[in-house]
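Chemist: Once you've had a glance at the structure underneath, I'll fire off some questions.
The values are calculated or read from the model by the stated rules, or taken from the named source; none is laboratory data. Quick caveat, the model's predicted, so the values are computed rather than measured. Cβ coordinates were reconstructed from backbone atoms using ideal geometry, including for glycine residues, and neighbour counts include every protein chain displayed.
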Amino acid sequence: MMLIVENLSQSYSENKPVLDNISFAIAPGTFTAILGRSGAGKTTLLRSLLRLHQPQKGRVWFNNCDLLTCSSRELQKQRRSIATIAQQFNLIPRRTALENCLGGRLNEIALWRCFLSRFPLQLQREGLTALTRVNLLEMAFQRADRLSGGQQQRVAIARALTQNATLILADEPVASLDPQTAHQVLSLLRSLCDQDDLTVICNLHQVEFARQYSDRILGLKQGKLILDRPTSELKSSDFQQIYQ
Ligand SMILES: Nc1ncnc2c1ncn2[C@@H]1O[C@H](COP(=O)(O)OP(=O)(O)O)[C@@H](O)[C@H]1O
Ligand SMILES: [Mg+2]
């Protein structure tokens, strides 16, 4: 397994759990969709996997390391293999697409190089390869804020590739995109699973997208995991349960 979550609980205040004893396992090279109404705890779940919240209970096993109890040095190291993609693209607006890609590797680069945008040639090559993979090579030297929403999201995916991530956590990556562009971005994420053996966990709002692109669907309701099923075995009553 790529990721094993055991009895994860999380709360922002004393008495009200936002995640309630959640357990699941993710196989490598798969696309998992997390569905749930607004406020169900989807964002909190992805952030908790990265230990961006404390305190919390449970275990998050990744590369034989429990991310919730390992040292902060080990946590930093493991986080390098995990890329995040957000609804609002999260690029540095005034930097080029290529520079944004290289941002995933800043830990390897001397600070002065970052300030002057003098990135090592080998790294630039890797960034350009990643941009080619998402079909955006011609935009490599465009500022991020000059790109369309769909292009920005593809740069975010190229940044994940440049980072050499093995796991991508995407939090409603297509919520700000029109349907056609949303399909492009989700197809691309899907192809990373199929062709590059990356693992994707993706919060989604729309059932149809989940049905079309995922291998497995997790359903969250009020912080509880109420559904964990292969997409091919899904029943329509499953969706009613999540959304009623
Ligand atoms: N930083 C925070 N502090 C306090 N409560 C929060 C915080 N973030 C989210 N919540 C609450 O936790 C619950 C789950 O939120 P969230 O994980 O954002 O759900 P989703 O992503 O499914 O919409 C909601 O009730 C929300 O109000
Ligand atoms: Mg959310």
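Condition check ((1) buried (at least 21 other Cβ atoms within 10 Å of the Cβ); (2) over 15 Å from the mean Cα position of the chain (by Cα); (3) not assigned by TED's automatic domain parsing to the domain that holds Pro120) across all residues:
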| site | (1), (2), (3) |
| --- | --- |
| Arg51 | no, no, yes |
| Lys57 | no, yes, yes |
| Phe62 | yes, no, yes |
| Gln88 | no, no, yes |
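Chemist: So in the range 67-86, with the set limited to residues that are assigned to a helix (DSSP H, G or I) and not hydroxyl-bearing (Ser, Thr, Tyr), which one is surrounded by the most Cβ atoms within 10 Å (Cβ to Cβ)?
Modeler: Looking at residues that are assigned to a helix (DSSP H, G or I) and not hydroxyl-bearing (Ser, Thr, Tyr), I get Gln78.
Chemist: For residues that are within 13 Å of ligand 1 (Cβ to nearest atom) and not in a helix (DSSP H, G or I), scanning just the range 41-55, find the one that is nearest to Gly223 (Cα to Cα).
Modeler: Restricting attention to the range 41-55, the residues satisfying the condition of being within 13 Å of ligand 1 (Cβ to nearest atom) are 41-49, 52-54.
If we keep only those that are not in a helix (DSSP H, G or I) as well, we get 41, 52-54.
Values: Gly41: 5, Leu52: 17, His53: 15, Gln54: 16 Å.
Among them, the one singled out is Gly41.
Chemist: Which pairs turn up if I take residues in the range 154-178 that are within 23 Å of Glu138 (Cα to Cα) and look for partners that are within 16 Å of ligand 2 (Cβ to nearest atom) and part of a loop (DSSP other than H, G, I, E, B) with beta carbon separation below 6 Å, at least 6 apart in sequence or on another chain?
Modeler: Ala156/Phe89
Chemist: Still on this structure, please answer the following. Among the residues that make up the range 30-40, is at least one of them within 9 Å of ligand 1 (Cβ to nearest atom), in contact (Cβ under 8 Å) with a residue 24 or more places away in the chain and among the charged types (D, E, K, R)?
Modeler: Yes, some residue in the range 30-40 is within 9 Å of ligand 1 (Cβ to nearest atom), in contact (Cβ under 8 Å) with a residue 24 or more places away in the chain and among the charged types (D, E, K, R).
Chemist: Also: Suppose the filter is in a strand (DSSP E or B), within 18 Å of the chain's Cα centre (by Cα), small (Gly, Ala, Ser) and away from ligand 2 (no atom under 16 Å from the Cβ); does Ala25 pass it?
Modeler: yes
Chemist: Taking the condition of being in a loop (DSSP other than H, G, I, E, B) and more than 16 Å from ligand 1 (Cβ to nearest atom), how many residues in the range 151-190 meet it?
Modeler: Total satisfying the criteria: 6.
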